[in-house]
Amino acid sequence: MLALTLFLVFFVIALAGVPLMYSLLATTVGIIWVQDLGHPLETIFLSLISGVEPFILIAVPLFIFAGELLARGGAGKRIVEFARTLFGFLPGGLAVVTVVSCLLFGGVSGSAIADTAAIGSLVIPMMIQRGYPPAFAAALLSVAGTLALLMPLSIPFLVYAFISGVSMRQLSMSGVIPAVISAAALIGVCMWFGKKSGCDTGSRASTPREIWNAFKSAGHALVMPIIIVGGIWSGIFTPTEAAAIAVIYGLIISLFIYREMGWREVLPLLLKAFQTSATVLLVIGATGCLSWLITVEQVAVQLSEWIQGIAHSQWVFLLMVNIALFLLGTFIEPLPAMLLTAPLFLPLAAAFKVDMVHFGVIMTANLAIALYTPPVGGTLFVAAKIADAGIGAITRHLIPLMAATLAILLIVTYCPWMTRAISQMILG
Amino acid sequence: MPLLPPGPPGPAPIRWLSIAVDCATAAIGTVMVALVFLNVMAHIFNQDIAWTTEFCEFMMVWVTFLGGASAARRGAHMTITEFIDKLTGTARKWGDAAIQVVALAVLVIMVWYGCVIVEANWGNVLTVLNWPMALQYLALPIGSGASFIFVAYDLVLILRGKSPEERYGA
């Protein structure tokens, strides 16, 4: 009964438009007061403070800042040029270049919005000029931009690692194969579209010298994930230290090597990064307050028993999780959706013996779809704005792309080896 | 030319508070980047600067609550707006006002219990820095207090019939 009251109160307040942090706290404090549960509120607010304090969370603003620096500093266009020399000759070549650029830039930024904005502002005008319908260009960017969320520096991975307690080293390797397979599926759709529509049958193949020159130009940006991820994987530095190195590296290449931004732009980007991260971290802290109440009142145990009564096997449970997250994702962005559901799903996943790292990849891959599921979504809006295309027209072009990503989501869900392969290879 | 982007327009006291919050957030952020990087350098040379971890956690609490206030000034907190955005005219005005009233109620509780927590922790000290824990916990009432002022001012603008674009800029 308490579980139902908690969820109803929270969803009514949150859906009414009250910021999530206040919705979570109002629900927690309101239920304690109204039901006279007798918990001291000092404990609730101490858990809010301790929820935002851990050293690992410092990586969140730092990675956001590094992503912003690279997006503003000219890394995007060099990556696009490198991808063009490699894949521009294929049917639907420019669309294929877009997917590869998003994958590579995603490896640098870890942010779907930064990925879509940085790559979209470069390739969408080129695609439209080439004859692609603006709505297709926007649909492709809104989907390809989310590949960043499965790449090693993904912000949702970092948040999941914190909530679940799994190793960021393992998690950062687990999304790579799903991201590459998703990119391959999208490339398949792009080649089919390029051929079918006749708008892009491919340009001439680049010479090895052109490829080498483009690689040299993009090399500084492309080396960054190797340094950062290599450092984390080898245990040389922690994710937080890796984030600080990413910031310094991003500053050096944006200010001194590419020279596409000045010192005056640094502080506004820093402020924006810390503002954005504060909104995320305060929701993390407030979720901690509600989780505390859920734990002491045994709500999670009751919910777990109820779901175990319905889902008799692991695969039914994972299907239920995917459906619930997909529905939730149609109106909530990935990070808050993860923050709200992970504390509830994690004990259940453990009860069904799901590998916690694998579960993190499933949640992230599913919630990434939320970013472009019409009618609302972060990457959908960014890409629609750049392409100046309507959501209705974009939705029609999204159908084959979403079919591909949903198929990959099912494969990722039921083939756990995909998420374990690289970590087993490297960590043993 | 100012180093930081200005917040939305408002009367002088609100603007000054907004500038103070933004400057503090950016300053703490800069120190944190520098300290974490310094720590990496120290590791490379086999040195350990133990106090940096605790100091960064100390600042993390401050930068989060101040960053939250800075986001409140710009209406940038994570919100599900799909339903409220469907409302127009008077319904939208009263919808926005009701949301800010709920936010203000939560912020009052945060300031109140923040003060209670600070009061109770002057005697407890941080392990390495040896500073009173109350100094770290002070971020809760101060950040929430600044947020309260920004949200209250926003409520006044809503009641005067200002649209979200007029309140937060385009």
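Under 15 Å from the Cβ of A:F359, count the other residues' Cβ atoms, weight Lys and Arg +1, Asp and Glu -1, and hand me the total. Please report the intermediate quantities before stating the final value.
Numbers: positive: A:K353, A:R420; negative: A:D355.
Result for the neighbourhood of A:F359: +1.
Ordering A:M1, A:M402 by the number of other Cβ atoms within 10 Å of each residue's own Cβ, fewest first, gives A:M1, A:M402. Simple rule: put +1 on each Lys or Arg Cβ and -1 on each Asp or Glu Cβ in the stretch A:240-389, find the dipole, and look at A:M363, A:I257, A:G288; the Cα lying farthest toward the positive end is A:I257. Ranking of A:S111, B:S163, A:S167 by neighbouring Cβ atoms within 10 Å, starting from the fewest: B:S163, A:S167, A:S111.
Placing one equal scatterer on every Cα of the stretch A:228-331 and applying the Debye formula, the log10 ratio I(q)/I(0) at q = 0.15, 0.17 Å⁻¹ is -0.95, -1.02.
Highest mobility in the GNM of chain A, judged by mean-square fluctuation with C-alpha springs under 10 Å and restricted to A:S313, A:S174, A:S121, is found for A:S313.
Considering only A:A349, A:A214, A:A16, the Gaussian network model of chain A with Cα springs below 10 Å gives its largest mean-square fluctuation to A:A16.
If you count, for every residue in B:76-88, the Cβ atoms of partner chains within 10 Å of its Cβ, what is the mean?
Working: counts 6, 10, 15, 12, 15, 4, 7, 5, 4, 2, 0, 1, 0.
Per residue, the number of nearby Cβ atoms from other chains is 6 on average.
Here the protein assembly as shown is assigned +1 on the Cβ of each Lys and Arg and -1 on the Cβ of each Asp and Glu. Its dipole about the Cα centre then comes out at about 1760 debye. For B:V125, the amide hydrogen comes within under 5 Å of the amide hydrogens of B:M133, counting only partners 5 or more places away or on other chains and with H modelled in the peptide plane.
The GNM of chain B, with springs linking C-alpha atoms under 10 angstrom apart, assigns the highest mean-square fluctuation among B:E57, B:E82, B:E119 to B:E82. Couplings for the stretch A:264-274, taken from phi via the Karplus curve 6.51 cos²θ - 1.76 cosθ + 1.60 with θ = phi - 60°, read 5, 7, 6, 4, x, 5, 5, 4, 4, 5, 6 Hz in order; Gly and Pro are left as x. Extension gain for the segment A:E305 to A:M261, taken as residue separation times 0.36 nm less the Cα-Cα distance, is 10.3 nm to one decimal. Taking amide H as placed 1.01 Å from N in the peptide plane, A:L90 has its amide H under 5 Å from the amide H of A:S203, each at least 5 places away in sequence or on another chain.
Note that the stretch A:344-357 has calculated 3J(HN,Hα) couplings of 7, 6, 4, x, 5, 4, 5, 5, 8, 6, 8, 4, 5, 5 Hz, one per residue in order, obtained from phi through the Karplus relation 6.51 cos²θ - 1.76 cosθ + 1.60 (θ = phi - 60°); glycine and proline are x. 3J(HN,Hα) along the stretch A:401-414: 5, 5, 4, 5, 6, 5, 4, 5, 4, 5, 4, 4, 5, 9 Hz, from the Karplus curve 6.51 cos²θ - 1.76 cosθ + 1.60 with θ = phi - 60°, whole Hz, x for Gly and Pro.
Mind sorting A:M425, A:M418 by how few other Cβ atoms lie within 10 Å of their own Cβ, fewest first? Write down the numbers at each step before the final one.
Numbers: A:M425 9, A:M418 21.
Ranked by crowding around the Cβ, least crowded first: A:M425, A:M418.
Taking every alpha-carbon pair in the stretch A:164-307 and binning the separations at 10 Å intervals from zero gives 8, 18, 28, 25, 14, 6, 1 percent.
For A:I119, what charge total do you get from the other residues with a beta carbon under 15 Å from its beta carbon, if Lys and Arg give +1 and Asp and Glu give -1? Let's see the in-between values first.
Details: positive: A:R72, A:K77, A:R78, A:R84, A:K385; negative: A:E68, A:E81, A:D115.
With Lys, Arg at +1 and Asp, Glu at -1, the net is +2.
Could you please state, rounded to a whole Å, how far the C-alpha centre of the stretch B:96-170 is from the C-alpha centre of the stretch B:20-57? Distance between centres, Cα-based: 25 Å.
Taken together, the values in this text are just the output of simple stated rules run on the coordinates, not laboratory data. In this text, all values refer to a predicted model and were calculated from it rather than measured experimentally. Positions of Cβ are generated from backbone atoms using ideal geometry, with glycine treated the same way; all protein chains shown enter the neighbour counts.
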